[in-house]
1. Please give me, ordered by residue number, the GluC sites (Glu not before Pro) of segment 180-280 that lie in loop per DSSP and have at most 16 other Cβ atoms within 10 Å.
2. Out of ALA172, ALA60, ALA255, any idea which swings most in a Gaussian network model of the chain, alpha carbons joined below 10 Å?
3. Taking only the alpha carbons of segment 141-367, what extent do you get along each of the three principal axes, in Å, biggest first?
4. What's the percent breakdown of Cα-Cα distances in segment 278-368 across 10 Å bins, shortest bin first?
5. Give me D for segment 92-199 in µm² s⁻¹, whole number, from Stokes-Einstein with Rh from the Kirkwood sum over alpha-carbon pairs, 25 °C and 0.890 mPa s.
6. When the chain is fully extended, how far beyond the present Cα-Cα distance does GLN110 get from GLU342, taking 0.36 nm per residue of separation?
7. Measuring from label point to label point, each 7 Å out along Cα→Cβ, what is the THR127 to ALA221 span in nm?
8. Give, in nm to one decimal, the length gained when the segment between ALA312 and GLU195 is fully stretched (0.36 nm per residue of separation minus the Cα-Cα distance).
Amino acid sequence: MERQQPRFLPVSIFPTDPSQLTAEWLTEALRRVEGHDHLEVQALQVEPLGSGRGLVGQLARVRLTYGAGRAGPPTLIAKFGAADPVSRAALNRLRLPEREVRFYRELAAQVPVRTPRCYHGNWDPGTGESVLLLEDIRAAREGDNVAGCTPAEARLCLDHLARLHAAWWQHARLGELSWVPAQNSGLEVLQSVYEQALPRFVEAAEGLAPPPLLELSARLADRLPAVRQRLGEAPTTLLHYDFRLDNLLFGLPDAPLAVLDWQLVSRGAAVNDLAYFLTWSLPVEVRRAEEPGLAEAYLAALRARGVSQYGAESLAEHLPDAYLNCLVRLVVAGGLLDWSSERGRSLLAQLLQRTAAALLDHHADALL
């Protein structure tokens, strides 16, 4: 059943961090949702969330108390843009706030995976500030990038990833989504952001990254367009582009898996999402042991949904570049996000080690 799209308030009036949330604003926002026309938020409690999970914004759980009459959701997740002005400006250049708000407005009802319901969303294209009010999915288990997952859980995740990719594989509508960037476009902006992030990435990775990875990240700076262009030759689909355990919820009452955090939604080669999940969500030894079987399970799931022209040979051709692209994304994330918490340092250390191992295993450095 197609989900109803949220309605949105004018850009000029929205809070830009959790401290600015008020009962009056939440009342106005929620009243624009069908079935919530007469509710009134009388009080709220805000609980910060997401420390150390590699987020590109500020996240909070909001507990709501309503007046007499119609009541709304007891809790919501409020998501805002990055607190750091430098990070916020860089992320806005990549149009991340716009992408996530428009995903919930225009695409969430058309993807064959469980996503949170969106009650409200807004962004300011000038400042990069944004707000989303999302369903708080409580009856589920959060994935954990630091711990990794079991092979059985990985197969479940890749089956859902194949659902998403197959539904949009070479779809005619992809070209109409002008706000969803293609992975081989906007390369000048990406290279500028990469070069800006690189020194901060090196600083954040000091003492955590294998030295060859830091050397490779420097070599990659002026070869980034070639990597993206080669990946652009593969068949195109809709990408989540941040498909990793921290953005997945397991065991919901209505679905085995829910997919969160759509701010990086993109158009491009499916192998980008696959390599990213395998690298960032599996401990090195698990990936090395399970990667061939998991890749075949993913391809079989594509075939079961009608994608028959992309097989193991094509996948093997594209994987090395996809692993290099994982390093591109790690440098940008490592340079723009706050990794200072204990969990953040643990996550960054794991991502550095796993990315280095994947690049080594697939001889990706030879492409440079």
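1. On the way: sites: GLU188, GLU195, GLU203, GLU206, GLU215, GLU233; in loops: GLU206, GLU233.
When the GluC sites (Glu not before Pro) of segment 180-280 are filtered for loop state and at most 16 Cβ neighbours within 10 Å, GLU206, GLU233 remain.
2. The residue with the greatest mean-square fluctuation here is ALA172.
3. Between the extreme Cα coordinates on each principal axis of segment 141-367 lie 45, 36, 31 Å.
4. Here the calculated profile for segment 278-368 is 15, 41, 30, 13, 1.
5. Details: Rh = 16.7 Å.
The Stokes-Einstein estimate is 147 µm²/s.
6. Working: separation 232, 0.36 × 232 = 83.52 nm, distance 3.77 nm.
Using 0.36 nm per residue and subtracting the Cα-Cα distance, I get 79.8 nm.
7. Distance between label points: 3.3 nm.
8. Details: separation 117, 0.36 × 117 = 42.12 nm, distance 3.40 nm.
Using 0.36 nm per residue and subtracting the Cα-Cα distance, I get 38.7 nm.
The numbers here are math on the coordinates, done by the rules we state, and not lab data. Because the structure is a prediction, the values reported are computed rather than measured. So basically every Cβ, Gly included, is an ideal-geometry build from the backbone, and we count neighbours across all protein chains shown.
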